[in-house]
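The structure appears below as structure tokens.
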Amino acid sequence: MPTENRSNSTELSKIVTEALVCMVSGVTGMTPPADEPLPGFIQAPIDRAVTRISDFLAQPAQQHQGEPVALAIPEECPHIIVFDDHDRVDEHFCGAGARPAALRRFEQISRSWNAHLFVRVERNSRDDRYPSATVADLAEVERLRGEVRRLHEAGEFLDNVSQGIENKLRAQLAEAQALLRDISTRPDLPEVVRCWLETYLSASTEPSALVMQIPEGYCVMPRRLTAENGAKALLIGEFKLETTHECPECAELEEPAEGCEMCDGTGEYGQPHIIPWDQIKLMYSEAVNGLSLKQ
């Protein structure tokens, strides 16, 4: 086996072993000695799982056609931020540091406004000195996509392996506890041992007790709204508050002008205001603090 592959397998074996030990500790409440190797009957299945994962990751990436290609974007490439609200003026960035400046500004704006960030892919004129975004190397793009796909598939494989191990450990734990209960009822058992067994069994967690019970009318929701859990993309710009204002075109008239472009003859007009992202997060946080079930 090449040195690099052997090193990767060793690191992967360490990760899987640590995950298994943590899971066993969480289920049984017992932790093996840190300086001693695991027993062979436990280490052998781990080694087999690591071998299968390594072989899976070593497979060549499957090529897909027709997917969007990536862009190579120089830092001085012109960018533009366009707002859905037509009252806001578009913001342009070009020259040295244009891209990082546009990205920072867009991060600030997107918290409170519906906006779109565009990058230029073609020069506006022949004498334009600023570079444009170009299509990245297709072979490199496909290679990176393949790596991402393999990582996702490996993650799913690890989840399935860990779930199988957890289910097996839970079943073994239930069998062991049932056996200890039978032993604790034996009449010839010393009283000291019986008391120890009863204390252990009363303090141990049954596998069925680990299943979270959700009351009727409740659901599992995140404690906070973040971009990472998808809340920002889902909720930003979705809530608006409309305020009513007197029509400035008809304010000095005795009666509102029929057919007025601003108020349509009503004498007032409504102006929508998008509720900022920070306010949405604050309202959600207050709801969680007031309505969540207390332990």
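Quick notes on this structure:
- Subset of region 141-178 (residues that are among the polar types (S, T, N, Q) and within 30 Å of residue 201 (Cβ to Cβ)): 162, 163, 167, 172, 177
- Count - residues of region 118-135 that are modelled with pLDDT under 70 and β-branched (Val, Ile, Thr): 1
- For residue 169, the conditions (1) surrounded by 15 or more Cβ atoms within 10 Å (Cβ to Cβ); (2) without any contact (Cβ under 8 Å) to a residue 60 or more places away in the chain; (3) under 25 Å from residue 51 (Cα atoms) all hold with the exception of (2).
- Test result for residue 228, within 30 Å of residue 106 (Cα to Cα) and in contact with a Gly (Cβ under 7 Å, 6 or more places away or on another chain): no
- Meets criteria (surrounded by 11 or more Cβ atoms within 10 Å (Cβ to Cβ), at pLDDT 70 or above, out of contact with any Asp or Glu (no Cβ under 6 Å at 6 or more places or on another chain) and more than 12 Å from residue 162 (Cα to Cα)) for residue 46: no
- Verdict on residue 175 being modelled with pLDDT under 80, of a type in the set (D, E, K, R) and outside the structural domain of residue 278 (by TED's automatic domain parsing): no
- Of the residues making up region 249-289, just one is assigned to a loop (DSSP other than H, G, I, E, B), under 14 Å from residue 235 (Cα atoms) and free of Cβ contacts under 8 Å to residues at least 40 places away in the same chain, namely 275.
- All positions within region 77-110 that are surrounded by fewer than 16 Cβ atoms within 10 Å (Cβ to Cβ) and assigned to a loop (DSSP other than H, G, I, E, B): 84, 85, 86, 87, 88, 89, 90, 95, 96, 97
- Summed over region 219-239, residues that are exposed (fewer than 11 other Cβ atoms within 10 Å of the Cβ) and either modelled with pLDDT under 85 or within 19 Å of residue 287 (Cα to Cα) (or both) total 5.
- Restricting region 191-218 to residues that are exposed (fewer than 11 other Cβ atoms within 10 Å of the Cβ) and β-branched (Val, Ile, Thr), the residue that is modelled with the highest pLDDT is 199.
The values are calculated or read from the model by the stated rules, or taken from the named source; none is laboratory data. Predicted, not measured: the structure shown is a model, and the values here were computed from it. Cβ atoms come from the backbone with ideal geometry, glycine included; neighbour counts cover every protein chain shown.
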